[in-house]
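Read the figures in this text as sums done on the coordinates, not as results from a lab. Bear in mind that the values here come from a model prediction, so they are computed numbers and not experimental data. Note that each Cβ is placed from the backbone with ideal geometry, even for glycine, and that neighbours are counted across all protein chains shown.
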Amino acid sequence: MKKLILFLLCMAFAAQAYAQDLNYYEVLKPQAGMSADEIMKIMYHNKYSLFARDYALPDSEVFYIDKSGFTRKKLAERYRIVMGGKDDVQYKDLVVVTYPTHSKGLAILTWTYEDPDRDQDVWLWIPSLKKVRKISASEDDDAFMGSDLTVEEVSTRRFKDETYTLLGEENFAGYQFEQTGEMKFQGKPCFKIEAIPKKPHWYYSKRVVWIDKETGGNIFEEYYDKIGKVFKTRFIQWEWYEKQGRQYATQTAIECKDLRTGHRTVIFNRDQHYDEGVDESKFTLRSLQRSKW
Amino acid sequence: MKKTAFYLLFVFGLIIATARTASAGAVSFGDLEMAGYLKNETSWKMAGGLREFMKVKNIFDLKMNYKFTEWLEFFTEVNYWYDHTFDIEGKYQDIVRSENNVKLKRPTKVNEWLRDCYFDVYTPRLDMRLGRQQVVWGATDGVRILDMVNPLDYREWTIKDYSELRIPLWMANIEGELMMNGHLQLLVIPDYEPNYYAPAGSPYALRTVVAGAEASANPFVTVTTIDERPGKKFENTKIGLRWRNIVESGVLSGLEYTLNYLHTYDFASSAYTRTTFGPGGVNIQLTRRAEQIEVIGGSFSKSITKGLVGDILKGWTIRGEIAYIQNGAMNYGTDKSIAGTVDVDQLLYALGFDKVFWTNWEFSTQFIQMRYDSQEVFDQDQYTLLFGPTRGPLDEVENLVTMRIATDFLYDRIKPEVLIIYGDDNDWRISPKVNFEYNDHWTFSTGVHVFEGHAQHLNGQFDGNDQVFFEAKYSW
């Protein structure tokens, strides 16, 4: 009997431990005096749009550019509904590729769970099969859709995957956005945080993250290899999206550079909308099957 | 004339494709969206030093979608092609002289180049797709267990994607949402087409077709063939029902399962023979009958998202499928020789396992078993059931294993993969290939198909068809 009670208490504690620490549907910003952990929790809250009930991105453009300048492009639509922990689901995502034609129609439905130790459930609509296929979650260090970003960087990295140290506060030196030639965010006040992965022998030994004090978003990251050399950088343009008096921190552009190969991936997210009342039925297999291409 | 029309279409497609080269996305005229491709598929037989073409096919494909409103769309796909092999290779020229066989070179009827053609009606809880379409059931790849809604075109055996082999049918496909992730699908299929089998003498003529042609060629044998197809009557309508659900909570959370029922006709007609002896020799009346069958089954897919103990089995996806087919019929006899036809029930099932290793190496394996249960008595000391495609002896239990390994390099631009299919009669096929994405429009593929085994078995019947292939595709 005592062992049973102890077991149940452990389960309850574990459930609490991985439950969402920050409230869903709340807009949060970092404050002066916060610890590295508190700042990073807000960053993940914003990264996965957990401040909104739903999210629609009908126009996402991805460029793959090698060092010679040779460019390929992908277009996609993306939708998300934040489930708030219902049935342990944190959020559901639907991504539909609309270009190029040989990938057109490829649709990916993902359920992400509150339990940080639980992989996502992923379903794929594959046009060449004309059916929905359950697939194994990609390895986290695999390239996301052939880009310079990994699956972990885009969708699976969670707060508990790293340990954090606040290195200080500084005004960001600015980032030369190669795709447009603009200097971005020069002088922006930031928290500077070192993040070390808990996974042994991981694809990076540490990363240094600049967190914008205003939006709480990670505007710049440097990835270090085993010998302490920067091998990859990632810039994210965070902007405010306003709706009915609420401000949502949103990613409008990303540029990720692999310094070893000279290849970079650039993403533009346009025409984003939050809290438009996207229905949960959009994130079902029936919705995947509507794809025709 | 038709060749000219095809090349005019090909050039038209090239013009559209060129005009769209610098543009993003498919061609769009308001609510009309178009996309398509031009493709060449060429293969050479390996026997004899790559001197014989097995395929020189040029394909024009165009998909169009028109959005009337948020809830009403029209979609169509036309796919026109010309295979020059039958012009180039002298050994095939006689086959296509027959009017029935011109379709080996190019489509001859509308339903041979019109792929999909349907209206989509969307409501909050009900989707309807009305028209010519494919419906795919099942959780396995490359094997037909529950995937029995549409017939197949076997002119190239099964070396192409099934979406290209399936023959679309006119049907009503209605799917209703009874629970958030629980959907009931109803299929009403008044249309019927049998499987298409390439004639004797063509590159992928099934052994059973060749055996039939050999019998017909005997000067002392007269073969009369009667095709019994289901008439276009209401009572011959095929009906399908599928319940699909995803378990949302509990230990089985994320488990997707289906329960399936299909009342249909077997697309592989059963052969009934009646032999009489006359003064001129032997008269064989061959009746090819599409049997009305009932298919009952189900499938499931589950990804192990959390290790059972530690990380054990985490990352694996397990799939399964089962179908019980009632009221079918099969021939019995000796190799290539039909002695009679009996009612046979079949039980087919498969289990599949998928996992990604070493960052981006995908492994997918499937175990398939097929059980044949004769419902009538026949002399099993002298005869066995005969395998439809080859007319070879069939065991009561047949086993198949498939394995697919795939990876990618150079930012997903180079994608090698290999598919291995192995039957328990030491019969196998191995198909390695590489896909290369040159840019947003051009993709190339090259590879090999190797068939080994005895002629009586699934892939062994094409031992001798080992080939190298190359494909170039321009999409817009």
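Quick notes on this structure:
- Here the simple spin-label model places points 7 Å from the Cα toward Cβ, and for A:Arg260 and A:Ala173 these points are separated by 2.3 nm.
- The label point for B:Leu126 and the one for B:Gln285, both projected 7 Å from the Cα toward the Cβ, are 4.8 nm apart.
- Rounded to the nearest 20 debye, the dipole size of segment A:2-288 about its Cα centre is 660 debye, using +1 on the Cβ of Lys and Arg and -1 on the Cβ of Asp and Glu.
- Cα gyration tensor shape for chain B, rounded if a/c is under 1.5, else prolate or oblate: rounded
- For the segment A:84-92, counting C-beta atoms of other chains within 10 Å of every residue's C-beta and taking the mean gives 2.
- Max mean-square fluctuation residue, GNM over chain A, Cα-Cα springs under 10 Å, options A:Ile267, A:Ile236, A:Ile135: A:Ile135
- Once the Cβ-Cβ distance of A:Arg158 and B:Leu178 is raised to the sixth power relative to R0 = 35 Å, the FRET efficiency obtained is 0.55.
- Candidates A:Lys29, A:Lys67, A:Lys282, ranked by Gaussian network fluctuation over chain A, Cα under 10 Å, top entry: A:Lys67
- Cross-link pairs B:Lys103/B:Lys160; A:Lys199/A:Lys232; A:Lys130/B:Lys336; A:Lys67/B:Lys302; B:Lys39/B:Lys355; A:Lys131/B:Lys67 - those with Cα-Cα distance over 29 Å: A:Lys130/B:Lys336; A:Lys67/B:Lys302; B:Lys39/B:Lys355
- Full extension of the chain segment joining B:Asp343 with B:Asp424 gains 26.7 nm, where the gain is 0.36 nm per residue of separation less the Cα-Cα distance.
- Taking a Cβ cut-off of under 10 Å around B:Glu396, the surrounding Lys, Arg, Asp and Glu residues balance to a net charge of -2, with basic ones at +1 and acidic ones at -1.
- Shielding by partners for peptide B:350-361, expressed as the average number of C-beta atoms from other protein chains within 10 Å of each residue's C-beta, is 3.
- Where only C-alpha atoms are counted, convex hull volume of segment B:214-355 per residue in Å³: 159 Å³
- A:Phe268-B:Ile88 FRET efficiency (beta carbon distance; Förster radius 60 Å; 0.05 resolution): 0.80
- Seen from B:Ile430, the other residues with C-beta closer than 14 Å to its C-beta sum to a net charge of -2, counting Lys and Arg as +1 and Asp and Glu as -1.
- Pairwise FRET efficiency - B:Leu72 versus B:Trp243, Cβ, R0 = 22 Å, nearest 0.05: 0.25
- Taking label positions 7 Å along the Cα-Cβ direction at both A:Glu280 and B:Glu164, the computed distance is 4.1 nm, reported to one decimal.
- Residues of segment A:227-247 with amide N under 19 Å of the 7 Å Cα→Cβ point at A:Asp59: A:237-243
- Under 12 Å, Cβ to Cβ, from B:Gln93 - net charge with Lys/Arg +1 and Asp/Glu -1: 0
- 17 Å reach of a label modelled at B:Lys306, 7 Å along Cα-to-Cβ, counting backbone N of segment A:106-137: A:111-122, A:137
- Order of B:Asp127, B:Asp94 under a 10 Å beta carbon neighbour criterion, fewest first: B:Asp94, B:Asp127
- Annotation: extensible slack from B:Thr225 through B:Ser445 equals 75.1 nm (criterion: 0.36 nm per residue apart, minus Cα-Cα distance).
- For residues of A:98-111, the mean tally of beta carbons on other chains within 10 Å: 5
- Proxy reagent accessibility, fewest Cβ within 10 Å first, across A:Cys190, B:Cys117: B:Cys117, A:Cys190
- Cα shape, segment A:211-293, gyration tensor, a/c 1.5 rule: oblate
- Residue exposure sequence - A:His201, B:His454 - by fewest surrounding Cβ within 10 Å: A:His201, B:His454
- CD proxy at 222 nm, helix term only [per DSSP H run n ≥ 4: -39500 (n - 2.57); per residue of the protein assembly as shown; nearest 500]: -3000 deg cm²/dmol
- Debye-formula intensities of segment A:2-288, expressed as log10 I(q)/I(0) at q = 0.12 Å⁻¹, are -0.81 (one equal scatterer per alpha-carbon, no solvent).
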